[in-house]
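Reviewing the structure listed below.
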Amino acid sequence: MSKLSRFGVSLNKDILDKFDRLIEDQEYPTRSKAIEDLINHYISNENLSNDDTAVIGTINIVYDHHKRELLKKLTDVQHDFQKFIVSSQHIHISHHDCFEIIIVKGLKKEIEKLFARVKGTKGIHNASLNMFSA
């Protein structure tokens, strides 16, 4: 088990009150746990500044599956980057629109190349990339 360290922090009362309301809404058990999560998030983001960082994450896309050639193009892109794709999930939103989640793992620079190809495909309505250092 890791050691705990205690430290004091001075904050503007208005900021602390807003923080307390936020962590209560998110059902954090303690203020310490919320601060620990913020610090971990900050450290993880700092690790992502290096293109050669190993990452895991998701590419999320919304698209019109009736768009001519779109499914073929998306499949071709995924095959070109298959060594970085762990899995994908296709979800029907409506008669025309679909949501796809592509789980990815690899070097940050390669995942960003894959994302650029996916989001640049004509017919994609919306795309996002979420990464965490692996």
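The values are calculated or read from the model by the stated rules, or taken from the named source; none is laboratory data. Since we're looking at a predicted model, the values are computed, not measured. With ideal geometry, Cβ positions are generated from the backbone for all residues, glycine too; neighbour counts draw on all protein chains shown. Note: accessible area is taken over every heavy atom of the protein model, side chains too, but ligands, DNA and RNA are not part of it. Shrake-Rupley method; radii C 1.70, N 1.55, O 1.52, S 1.80 Å.
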Any idea which of Lys72, Lys83, Lys67 is without any contact (Cβ under 8 Å) to a residue 12 or more places away in the chain, basic (Lys, Arg) and open to solvent by 70 Å² or more (accessible area, probe 1.4 Å)? Lys72
Long-range neighbours under 8 Å by Cβ, at least six apart or interchain, first residue on the phi < 0 side of the Ramachandran plot within the range 1-23, second open to solvent by 90 Å² or more (accessible area, probe 1.4 Å) and in a loop (DSSP other than H, G, I, E, B): Phe19/Leu11
Residues (at pLDDT below 95 and of a type in the set (Ser, Thr, Tyr)) located in the range 122-134: Ser133
How many residues are among the hydrophobic types (A, V, I, L, M, F, W, C), in contact with a Lys or Arg (Cβ under 9 Å, 6 or more places away or on another chain) and within 16 Å of Leu71 (Cβ to Cβ) if we restrict to the range 93-123? 0
So Ser44, is it surrounded by 13 or more Cβ atoms within 10 Å (Cβ to Cβ) and under 21 Å from the mean Cα position of the chain (by Cα): yes
Restricted to the range 47-64 and to residues being in contact (Cβ under 8 Å) with a residue 12 or more places away in the chain and of a type in the set (Gly, Ala, Ser), the residue least open to solvent (accessible area, probe 1.4 Å) is Gly57
Members of the range 31-41 found to be open to solvent by 90 Å² or more (accessible area, probe 1.4 Å) and free of Cβ contacts under 8 Å to residues at least 12 places away in the same chain, listed by number: Glu36, Leu38, His41
Take the residues of the range 100-121 that are of a type in the set (A, V, I, L, M, F, W, C) and open to solvent by 60 Å² or more (accessible area, probe 1.4 Å): which is farthest from the chain's Cα centre (by Cα)? Leu107
Scope the range 55-81; condition of a type outside the set (Lys, Arg) and farther than 17 Å from Lys105 by Cβ; matching residues: Ile61, Val62, Tyr63, Asp64, His65, His66, Glu69, Leu70, Leu71, Leu74, Thr75, Asp76
